Structure formats: structure tokens, C-alpha cells
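The values are calculated or read from the model by the stated rules, or taken from the named source; none is laboratory data. Owing to the predicted nature of the structure, the values given are computational and were not obtained by experimental measurement. Here the Cβ positions follow ideal geometry from the backbone for every residue, glycine too, while neighbour counts run over all protein chains shown. SASA here: full protein model, heavy atoms, side chains in, ligands and nucleic acids out. Shrake-Rupley method; radii C 1.70, N 1.55, O 1.52, S 1.80 Å.
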Amino acid sequence: MSTPTSNPLVRISTLKSLDDFHALCTTLGIEIPAMAPDDAPSPLAEPAPVVVNGKRPGNRIVIHPMEGWDGTTTGGVTDEMRRRWRRFGESGAKMICGAEAMAVCPDGRANPNQLVISEENKAGLAELMGILTSAHAERYGTADDLVIGFQLTHSGRFCRPHSKQWESRVAFRHPILDRKFNVTSDAQVFTDAEIEELIVCYIHAARIARDVGADFVDIKHCHGYLLHEFLGAHTRPGKYGGSFENRTRILRGIVAGIRADGNPIDFGVRLSLFDKVPHRPDPARSQPGRLGPGIPEDFSACLPYRYGFGVNENDPTEIDLAETHAFVGLCGELGIKVLNTTAGSPYYTPHLQRPAAFPPSDGYQPAYDPLIDVARQIHAVRKVKARAPQGLCVIGSGYTYLQEFLPHVATAVVRLGWADAIGVGRAVLSYPAMLADAAAGRPLEKKTICRTFSDCTTAPRNGLVSGCYPLDKFYTQRPEFAQLKEIKKKVGA
Ligand SMILES: Cc1cc2nc3c(=O)[nH]c(=O)nc-3n(C[C@H](O)[C@H](O)[C@H](O)COP(=O)(O)O)c2cc1C
Ligand code: SF4
């Protein structure tokens, strides 16, 4: 798939029909399948092809993990969280794939307000489970076919557990990211002994997840966070770096440790299927009050590029799925049941991870139509699904940019067997039941369709709680909304 740099961005809201959508894809040289969701009984309404904790999810609609940077400073539960989990329950999705990233130890938080999965916070987590489950049962009659996972994480390079200051811990020294995120010392590299202590934290976290009723734990391997970074630790010496076997040793250790603990909880993994070299706003096309379009960082001094996963080491502007397929095969061997796909990192390749018309304040303007990145994820997932082991439920991501056409594309992708289920992220923050409405043949509430303004990312990048400020009245009324507008004006996001 080519990556044109000069195509104008066509606003999805200006497309009047499915034919217009197909025509735009043709113009862009991409293939995105789409069919009217009301053509036949929706495939999204069929049960998902997986059994987790003895339950088959009642449909193929999934809520992606989304945290709100809104816990207490000891990683505990707040009213904003209670509201978000209730809305997840009301969404009609039958799989809650992670709910939100939960740090397995306080120092591994991505922000001072991230949820921590600990004994101290167990009652709060149980309460969130109860809120989500009863909200779902009240609206849909039963929660017996609702599957809920907890996403376990250590934020590694992107740790900010105490303030806005980075307190990065890394898998290896990275020639570009170290500069960008102020990693200055080898002491920030995890030692093998520290990894073994961390594996124990995952085992404890999984026990808590089981105790409070989660159906599975998602061992997060995405977005540049620690375990994802380890998958790209080609240059690291010792037993957790170098070979594919060494780079996947942590996952195998966590799974074996949880089983040795006598914990029968099921497993999921969220994986960035592919990545690219970090991007930045083009300085030649940036001006005060206007971020430039995204371009790759200069990687000429870092070839072969042995610092990533799912990226071509000879040309890191290209993706390479060879090891991705191997990792997915390993997931099958380990008995992992849920593979929630994603791509890149919101910190250094946000265009891959969250295709958007408007960038977050630490991002860049789209260099080309974001539909191209939507298509990139759909086709990577299609390839992975085609070779995935039996019994692994493969979930697609990055659909929110499709807006009015999200239901059309989700329907077509599931019908074609390119993914087993469709995950929704930002679209849920503004309109929780969007995909469930479409699957049931109800008309969409157009006013609350996410337009990818990125405020839910810009807010936390600037120390504010996340939420859909433009479209969700709960956040629109907050004083932070005015603050956000100022921030966006200043940086030109
Ligand atoms: C506010 C916000 C919080 C997020 N938090 C998480 C998270 O905790 N864990 C995770 O794996 N992904 C997280 N993501 C990424 C989403 O799960 C999803 O992959 C991304 O938004 C792309 O899907 P979409 O196009 O449907 O929004 C977050 C995204 C947003 C916008
Ligand atoms: S702030 Fe709201 S409209 Fe903007 S990207 Fe986030 S969910 Fe979508």
C-alpha cells in the first residue's frame, strides 16, 4: 500500500453515501470493505467465536481499554471511573477488552492518576466490576454473556508515576526515543533481576483480577509500553534480549507463573502488530500556532533499525509482519484466547495508533488522509487472522475515524472473516452504544459521533483528566474545557 503525502483530507462527515465512501477509498488507492449494516441480520450481533471463563461473548462488539487519567493518586477508584465503567456496561458490547490499563506496581504508572491493581485497591476494582455488570444486565436483561478483562501493564519508557516528569524505565537504549523522552542513563534499563520481580507483580495482579471476578487478564504488549518495548529488544544482551525466544520470555514467564500460582484465569494479549520509526511534526512546515504534518525522524544513523517490533529493519518507514505472525503463533501455544490488535504508539506514531483528523497537542497534522492508516490496520489484522491459531479471537482496532461508516466497515470485516470481532475506542467515549445501535438496526445519533478532535488525548498530555470534552456534556461543562481550547490554540493542534 503506497503512502501518498499530498492527498487532501476529505472530511468523512461530508460523504453523503456509501458510494461516496467507496469512491474516496478508490481515489486513495486503498481497499476498505463496507456494507450497509441493515442489509441482513448483522454479523456483529452473532456470538463471538471464543469461550472465556466458560462464557461465550453474546456479540462481536468489543470495547477497547481506555483509561481516563482520573484515579486517585494511590491508584484508587473515583466517580469519573465509576461513570466510565457504567457507560462501558451500557454500551451493549459483550466483550470489555481490558477496561483500562492498570499498573501492576505504582512505579509503573503512565500518570499519577492511573489505576493500580493492588490489594489496597481491590474493593474499588470489585465495585467497578459490579457497576459495569449491573449496568449491562439492567439494560440488556443479562450479563451471563458479557466477558470482562483487566489490562495489566507497566508503562516502561512512558512512566510518569508522580508528576508530569518522565521517570522512564526501559528495555534498552534507543537512539531516537531516548533523546525524545529524556532517557539519559543505563541505570534506567531494567536489569534481568528486576524483570523477575516484575513478573511476580503480574502474577499478584492476576490473582486480584481473578478474586474480583474478571474473566481474563490482558497482558499488554503494545503502544511502546514496557512489554511491547521488550519485543523489540534486539540489541539487549542476556536472556531477555536478542533472539525472538529471549524477547518473548517475559510473556512466557508471566503465563507460567500465573498457572503455577493455581490461578485458572483466562489470558488475552493486546499487541501492536506493527510499528514505524518515531515521527514528529515537519519543522519546515510548522509555524507558531500550527503543527506541521508528521514525518519520520531522521533514522539514517540507526540502520539497520533494530529497535522495534513489526517494523522493517532496513527501511523503518515500512512495516514487517514476519515476527508478528510468530508472536501470534506463540499466543496460540500458550493458550491465550483473545488477541486485541493495535498498532504503533500514541507517543511516537500516533497517526498509526489513533487515525485522526485533528492531532493531539504532542502530535502532528495528518500528512495524508487518515483513512490510509485505518486501512493499514484492517489489512494487517486480516493477514494475522488468516494465519492465527484456532481458538484465538482476533479483534480489529482503529475504527473510530470511520465515523458514520464505522458500522458499515465493521459489518463487512466480520462478514468477510477478516477479524472475529470489532473493537471500538474513542467512538465509545462520545457515543457508547454506537455499534450496538447499528447492529440492532437503530438509527445513529449523529450529533454524538466522535469526529476525532483528539481532546481526549490532548487533555491528559497536559495533566488534565481525559474525556470527550467536545461531545460529552459531563466534560463540556468542566472548566478544563476552556483550558484545553487555549492549549490547542497555542500549539496549533
Ligand atoms: C483516552 C484514551 C485512553 C486510552 N487508553 C488505553 C489503555 O488504557 N490501554 C490501551 O491498550 N489502549 C488505550 N487507548 C487506545 C484505544 O484502546 C484504541 O486502541 C485507540 O483509541 C484506537 O481505536 P479507536 O480508533 O476506536 O479510537 C486509549 C485511547 C484513548 C483515546
Ligand atoms: S474528544 Fe471526543 S470527539 Fe474528540 S477524539 Fe476524543 S472521543 Fe472523539
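Leaving out ligands and nucleic acids, and using a 1.4 Å probe, what accessible area per residue does the chain come to in Å²?
With the other protein chains kept in place, the chain gives 36 Å² per residue.
What is the gain in length, in nm to one decimal, between residue 490 and residue 139 on full extension, counting 0.36 nm per residue of separation less the C-alpha to C-alpha distance?
Result for the pair: 122.1 nm of gain on full extension.
Once you place label points 7 Å from the Cα toward the Cβ at residue 313 and residue 83, how far apart are they in nm?
So the label points at residue 313 and residue 83 sit 4.9 nm apart.
In nm, to one decimal, how far is the residue 476 label point from the residue 19 one, both placed 7 Å along Cα→Cβ?
With each label placed 7 Å out from Cα toward Cβ, I get 3.4 nm.
With contacts defined as alpha carbon pairs under 8 Å and 6 or more residues apart, what's the relative contact order of the stretch 12-442 in percent?
18
Between the stretch 16-50 and the stretch 225-249, how many Å separate their Cα centres?
Cα centres, the stretch 16-50 to the stretch 225-249: 38 Å.
Cut-off under 28 Å on the C-alpha distance; same-chain residues fewer than 8 positions from residue 485 excluded. Which lysines are left, in chain and number order?
164, 180, 446, 447, 473
Taking the DSSP beta bridges in the chain as the whole, what percent of them are antiparallel, to the nearest 5?
That works out to approximately 15 percent antiparallel.
What is the distance in Å between the Cα centroid of the stretch 95-141 and that of the stretch 437-493?
22
With a/c under 1.5 counting as rounded, go ahead and sort the stretch 12-442 into rounded, prolate or oblate using the C-alpha gyration tensor (a ≥ b ≥ c being the square roots of the eigenvalues; past the cut-off, prolate if a/b is larger than b/c, else oblate).
rounded
Going by average Cβ density within 10 Å per residue, which order do the peptides 92-99, 225-232 take, highest to lowest?
Result, highest mean first: 92-99, 225-232.
Once fully extended, how much extra length lies between residue 440 and residue 196, figured as 0.36 nm per residue of separation less the alpha-carbon to alpha-carbon distance?
Contour length minus Cα-Cα distance gives 83.1 nm.
For the chain, what is the calculated [θ] at 222 nm in deg cm²/dmol (nearest 500), taking -39500 (n - 2.57) for each run of four or more DSSP H residues and dividing by its residue count?
It lands at -10000 deg cm²/dmol.
On a straight-distance basis, which lysines could pair with residue 94 in a cross-link, Cα separation under 22 angstrom, same-chain partners fewer than 8 positions away excluded?
55, 220, 337, 385
What distance in nm separates the two pseudo spin-label positions at residue 239 and residue 74, each 7 Å out from Cα along the beta-carbon direction?
Label-label distance for residue 239 and residue 74, simple model: 3.6 nm.
If you count, for each residue, the other Cβ atoms within 10 Å and average over each peptide, how do 112-123, 453-464, 194-205 line up from highest to lowest?
Ranking the peptides 112-123, 453-464, 194-205 by packing returns 453-464, 112-123, 194-205.
Provide the packing ranking of 59-70, 168-179, i.e. peptides ordered by the mean count of other C-beta atoms within 10 Å per residue, highest first.
Result, highest mean first: 59-70, 168-179.
Residue 240: net charge of surrounding residues, Cβ under 12 Å, Lys/Arg +1, Asp/Glu -1, itself excluded?
0
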